[in-house]
Each structure stands twice: as structure tokens, then as C-alpha cells.
1. It is to be established whether one or more residues within the stretch 199-210 are surrounded by 18 or more Cβ atoms within 10 Å (Cβ to Cβ), within 14 Å of residue 138 (Cα to Cα), in contact with a strand residue (DSSP E or B) (Cβ under 9 Å, 6 or more places away or on another chain) and assigned by TED's automatic domain parsing to the domain that holds residue 130.
2. For the stretch 429-438, state whether one or more residues are within 29 Å of residue 474 (Cα to Cα), at pLDDT 90 or above, under 30 Å from the mean Cα position of the chain (by Cα) and surrounded by 19 or more Cβ atoms within 10 Å (Cβ to Cβ).
3. Looking at the stretch 329-348, which of its residues are closer than 13 Å to residue 303 by Cβ and surrounded by fewer than 20 Cβ atoms within 10 Å (Cβ to Cβ)?
4. Can you confirm whether the stretch 455-465 contains a residue that is crowded, with 22+ Cβ neighbours inside 10 Å, in a strand (DSSP E or B), touching a Pro at 6+ places or on another chain (Cβ under 6 Å) and modelled with pLDDT of 95 or more?
5. Considering only residues of the stretch 50-70 that are of a type in the set (Gly, Ala, Ser), closer than 25 Å to residue 625 by Cβ and out of contact with any Phe, Trp or Tyr (no Cβ under 9 Å at 6 or more places or on another chain), which is surrounded by the most Cβ atoms within 10 Å (Cβ to Cβ)?
6. Where the second residue is of a type in the set (A, V, I, L, M, F, W, C) and in a loop (DSSP other than H, G, I, E, B) and the first is farther than 22 Å from residue 163 by Cβ and lies in the stretch 65-79, which pairs have Cβ atoms under 7 Å and are six or more apart or on separate chains?
7. With the checklist (1) at pLDDT 95 or above; (2) under 22 Å from residue 621 (Cβ atoms); (3) surrounded by fewer than 20 Cβ atoms within 10 Å (Cβ to Cβ); (4) of a type in the set (A, V, I, L, M) in hand, flag the one item residue 379 doesn't pass.
8. When residues of the stretch 217-246 are filtered for being part of a strand (DSSP E or B) and loosely packed, with under 14 Cβ neighbours inside 10 Å, how many remain?
Amino acid sequence: MKRTIFTTLLCLTVLSVYAQLSDWQNLTNKDRVWRIIHDESFLYVGTIGGGIVKIDKESGEQTVLSRADRSMTDNSISDMALHNEELWVGTEYYGLAKLADGNIEKFDMRNAGFLNNQHLSGFYFENDDSMLMGGIGYLYEFDGKQVTAVYDINILSPYAYVNSIKADSKGRIWVGCYDAMNRATLCIFTSEGLVPVTHPYRSINRIEIGADDCLWMASERGLIKYDGTNFTAYTPDNSDLPESILYDVMADDEGNLWMVSNNYLTKFDGTHFVSYRYPSHSDIDFLLCVDVDGNDVYVGSRTQGLFRLTADGLMNIPLIDNKLIDNSFTLSTGSLDRDGIFYGATINGLQTYNMETGEATLTPMPQTAQTETDGDGDVWVRWHWFSPDTCLMEITPTATNVYLKSDYPFSDIDMTQIKFDQHNRLWLATNKGIYCRDGQTWTAYNKDNSGLSFNYVTCLAFDSNDRVWCGTHGGGLFLFDGNYWTQYTTKNSPLPSDYVGFVAVDNDNILWMNCRDPRYPDDYGLEYGFGLTRYDGTNWTTYNRSNSPIPSNCLYEIKIDARNNKWLATAGDVGLVSFNGSDWHTYNVDNSGIALNEVIRISLDDKRDLIWLTHYTGSGLSVAKLNCLLSGDVNGDGRVNVSDVTALVNMILGVTTMNKERADVNGDNKVNVSDVTALINIILGII
């Protein structure tokens, strides 16, 4: 039987099966509604992080335009406009998109002449062949394909961007700019460029042209009217306007103005203000935008999504595919428990997501810094150093165990990473050395009591020989074999830098690491590191942007899957990278359904054949199918070849010799019938 299997496997080395990440999902929250527009048939709801929800006004049917199916170029929407049956979309990170006849076109720095890709907004169509729009620092003229002129708005205000552009009956084009330094925020656009209009009010959030042809502004000091000569301010002190900070204003067909503030939707008919209370649930919640569609008035909120004004007040309209509670994941967060449930720390607390049931939870604990899974499938949470009492938390199926700073010898340290070795011992990398918990016993290693001559430890990894590898913040790389410490630095080895940001050990006991630039050891960017370094105990090899296809020299993380592929979370907005030792592949917004190129954490679920990606800047999660187990592409390089067969043989040998580390296919820490069945299914998948 065994000989037959081996013969079959060897014969299959000539097959070619292309397998890459597929079945992308963007797990996001759609409760931050930034812009709403409409046409005769549809309502378009643009969100921050959740893409666009297109709602059929007659049937109520909803469709999501997102990165997952590549029907949108970016899930964070900064503005939208409809023109000639075309939907134009400005995005937070990836330029301008045009949707027409079921097709999507993307215009950005590479193909259209934009000076940056961020926050394109304030669309104004001068005619069918020309439009104006703003971006961070610039105002653009655009002919539908290319930028034809650029105007610098940073001279008006540092870090300014355009939020709205309107034209009055006299042909004057008014430009509202977000003002980071409270300088000029209102301009007239002329053939010479932007001319500032001096006024005494703070940031202008949106502008509108009223039925009286006056300019109306939603500002941080109330509703401002400008008739071309004089400014008039409506505030809570001199009118029935309920709040002074306004975020959006829009005129309806009858000449009424509708505006939103923190807690109110307000209508102004030129004489009277009528306000409708927003049912806010928290101090961080408020209204962001308004859209008037005939007799229907819609508002978007920061944390509760979309609302429509009814006779009973503002009524929530639930948006489909709203899977998370919070998109704002933090660095070093993202772990899967034994059941495949995701745990991640966000700005507002610890969030979970169950892929099987679709259930999400959020537990308030904003001090969390890292999530990590131990050998039993329990999830551990590391808390920030500024947490007043808690340092660690262990979450099991039956209990949650809290570890207080005062009870442990590391009460005054800053933990940089927690990891578990193959014996399920807990290790802490800290700014004052390393701590290891074996059972209930803690052991400290530092420069005063061991060969660890540098205390600031940034990262840890363990090989199959029970050796500990640790990177430091300026002291190089250390190896601890249980008795002796060995230090590798730029002075005694080819180590690229003494600042080691991340280390990982693959299935062949080879060490992989990312060394950081000593000038910017704590910053993340394309050139703030030295690429991917490999060390096999004898030879050193470094892959960087100059000598390999790796797109970034700085990495957030390195993960090794069961097929020995290296997965790299790269910095610099260039995507997720896979490397099998010879071939490289990058997954980005141009060639996949990934939500955002910036991946800050990778979680691998070999049992379910999934990869989870945690994104930066409030973009939630991406999940994709690895496509290795059923295709026979064990190494994930897009082919079935000798290395795949070798890996399968090793797995089978692992079962026959009870090598649990290789044979535990189902990830339950046991070698049993289900593992053997899984291996047979892999072989059948190849056949």
C-alpha cells in the first residue's frame, strides 16, 4: 500500500496545477457612512472601509461594491458623483474610479498624472470633457483620462484637502478646503488658480449654493452665509440651530437647506430651523453627511450607518454584508483559536469574528496590543505598557484568566511580543530582557544574569531543537540553546543590521528575519529595512528590492505555513508577498481582492485552508482560500512538483512514525484517523 502511494506521488510530479489565493472576502464594518448620492433608481452609500452599498430605491435590494470581487478599487470612499450615467468615485488610498456599463476604470499616479492617490473629493463637472476635483494638497483639472492642470492648495493651509466645489449662477467656482491650521478655507477658482476669500470662521466642512444664489457653508462655527460681500453666521447663540459644529449641508428642490451636526439633522427654510434628534449611542458617534432625494432625506453616521427621515424621526436602514463591529485593528493583532474564530485588538476593544456563524463581538478593552494563540488553541492578549493594572489575559473555552502586573516580576516593563514554543511555554520579549513561564515558574533572562547581553528584545522564534532565537533593538540577533547564548551582530556576521524587527523559523529549521534601518528602527516604509534575510546555520542570504522581486525592504511580519511557504506582510502599501524559496508572488489591489495593500498581521489556518490578513488604517480584514490542500500544490508555488511530493511523503512518514509535528494535519495536537484521512484527501485531490 505504501509503495503504491509513493509510486503514484512520484508519477504526479509532471502535473501542473496552478493554485493561488482565491475566494477573497473583505470582512469589514459599514457603519461609517461618509457620503450619500442618488439617481432615479438607486441610492449610493459610500462608507469608510466597507465600500459602496448600492440600494434599489423601489425594491430595497442592496448590492455591495467592494475590493473582494474587484467591483471597487478601494473600500474607503472619500466622495462620489454621478455624471452622464457614470459613477465617479474618489477613494482614500487608490485614486479615482469610474463605473460605467458594468466596467470599472482606475485613474491614479501611474496612469493619469495625479500627484498622490489619497482622498480625491469635491467633484465638479465643468462640461462633459472636463472636471475639477481635489486631493490632499492639490486641486486638479481632469479631462476624463488625464490630469491637465494642477494647483497647489498647501499655500492656503498646511495639509489641506478639497471637500467641495460649487458654481453659482454668475459662473464663479467656489472651493471649500479642509483647514488643518485654521487659515483660509474658502477660495474662488479662476484661470490663475485659487484665490483665498478671507473670513473669520473656522474649518469649512462643506459648501452649497442656495436658491438665493448665496454660498452656504457647514463650518465649525455654525451655518455661514456669504452673499459675495458679507458673511452671516447662524449659531446656537443667535438662532434655533441646535449645535455649532456642522459637517454637511445640502439644498433641496424647494430651496430648503438640510444640515447635519453631532446629534441633529436640521432643516432651514431661510427663516426657521427645525431639528430632528439623532439617536446617538456613544460619545464618539455623530452624523457625517446628508442627501436629499425628493421627499426622502438620508443621513450617514459615524458608528450606526444609514438613516432615513420618517414621520417618527430618523430610522436606521441596515446595510448588508456588515460583518465587523470595528475596522480599526492595531499592530501585532490577529489570531485564530482552535475553532477558527478570529481575535483582533482594535482601538475600541477586543473583536472576534466567527467565519462559520458570521457572529462578531467587541469587548471594550482599548489597551490591548497583541493577540497570540498557544498550543492548545487558547488566545492570549497582551496589553499595552500604559495599562494601569492588566498585563496579560488568557481566553479559554470555559474561562478568561487575567494576569495583573502587580502579581508578576515584570510589572514595570514594556512587553514587545509574546510567543509560545512547541512545549506551550509562554515567552515574553521585553525592553528588560526575556521572561519564560514553564508551568507556574517564571524565569528571567537579561544582561545581568545570562549571556543575553542586550536587554531590549523585540521578537522571538523557536526551532525544532528547542533553541530560542531573539532579535533586539540595536543588539543584533541572539541564539539560546538552553545553556549558552550566541550573539550575531553586524561586526561578527553578515547580519544586515543590529535592529531586528521580526524573526521566524521554517519547517526546515531555517531562520528568516527582517532587519530594520538603524536610522528609522521604529518606522514603517519601503526603505526602512533591509529586506528578508535567510540564515541556515552556515550561510546568510538577504533578499531586498535591489536583488529580488520583494517589493519592500520593511516587513511587519513573517509567517510560515505547513507547506513551508514564507508569507510576508510588507510595509509601504505594496501588498502581501509569498515566497517558497525560489518563486515570489505579490497579492495587491491590482491583481486580487485584497482590501488594502498594507497588511500588518498574517494568521494562517491550515486546517481550513485559509489565510487571514489584518489591515492598517481602518480597513478591516481580508480572508482568502490558500488552495493547497485539494490541489496537491503543497508548497503553494502554483505547481505540483518534486517539493510538493516530498512534503506529502514527509507528512505520510510523519503519520507512520508518529511525528506529531508533521502529521497533525487537522491541527488538534493529536495524530489520529482524521489526520490520515486528510492526507488521503490531499492525494486524491492531486489525482
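The values are calculated or read from the model by the stated rules, or taken from the named source; none is laboratory data. All values derive from a computational prediction rather than experimental measurement. Cβ coordinates were reconstructed from backbone atoms using ideal geometry, including for glycine residues, and neighbour counts include every protein chain displayed.
1. Looking for residues that are surrounded by 18 or more Cβ atoms within 10 Å (Cβ to Cβ), within 14 Å of residue 138 (Cα to Cα), in contact with a strand residue (DSSP E or B) (Cβ under 9 Å, 6 or more places away or on another chain) and assigned by TED's automatic domain parsing to the domain that holds residue 130, one finds none in the stretch 199-210, hence no.
2. Going residue by residue through the stretch 429-438, those that are within 29 Å of residue 474 (Cα to Cα) are 429-438.
This time we only want the ones that are at pLDDT 90 or above, so: 429-438.
After this cut, where a residue has to be under 30 Å from the mean Cα position of the chain (by Cα) as well, the list is 429-431.
Within this subset, residues satisfying the condition of being surrounded by 19 or more Cβ atoms within 10 Å (Cβ to Cβ) are 429-430.
Yes.
3. 347, 348
4. Looking for residues that are crowded, with 22+ Cβ neighbours inside 10 Å, in a strand (DSSP E or B), touching a Pro at 6+ places or on another chain (Cβ under 6 Å) and modelled with pLDDT of 95 or more, one finds none in the stretch 455-465, hence no.
5. The initial filter retains those residues of the stretch 50-70 that are of a type in the set (Gly, Ala, Ser), namely 50-51, 59-60, 66, 68.
Next, from what is left, pick out any that are closer than 25 Å to residue 625 by Cβ: 50-51, 66, 68.
From what's left, out of contact with any Phe, Trp or Tyr (no Cβ under 9 Å at 6 or more places or on another chain): 50-51, 66.
On the way: 50: 32, 51: 29, 66: 25.
Applying the filter and picking the extreme gives 50.
6. These pairs meet every condition: 65/72; 66/72; 67/589; 67/594; 67/595.
7. Going through the list (1) at pLDDT 95 or above; (2) under 22 Å from residue 621 (Cβ atoms); (3) surrounded by fewer than 20 Cβ atoms within 10 Å (Cβ to Cβ); (4) of a type in the set (A, V, I, L, M), residue 379 breaks only (3).
8. Of the stretch 217-246, the ones part of a strand (DSSP E or B) are 217-219, 222-226, 231-234, 246.
Next, only the ones that are loosely packed, with under 14 Cβ neighbours inside 10 Å stay: 232.
Within the stretch 217-246, residues that are part of a strand (DSSP E or B) and loosely packed, with under 14 Cβ neighbours inside 10 Å number 1.
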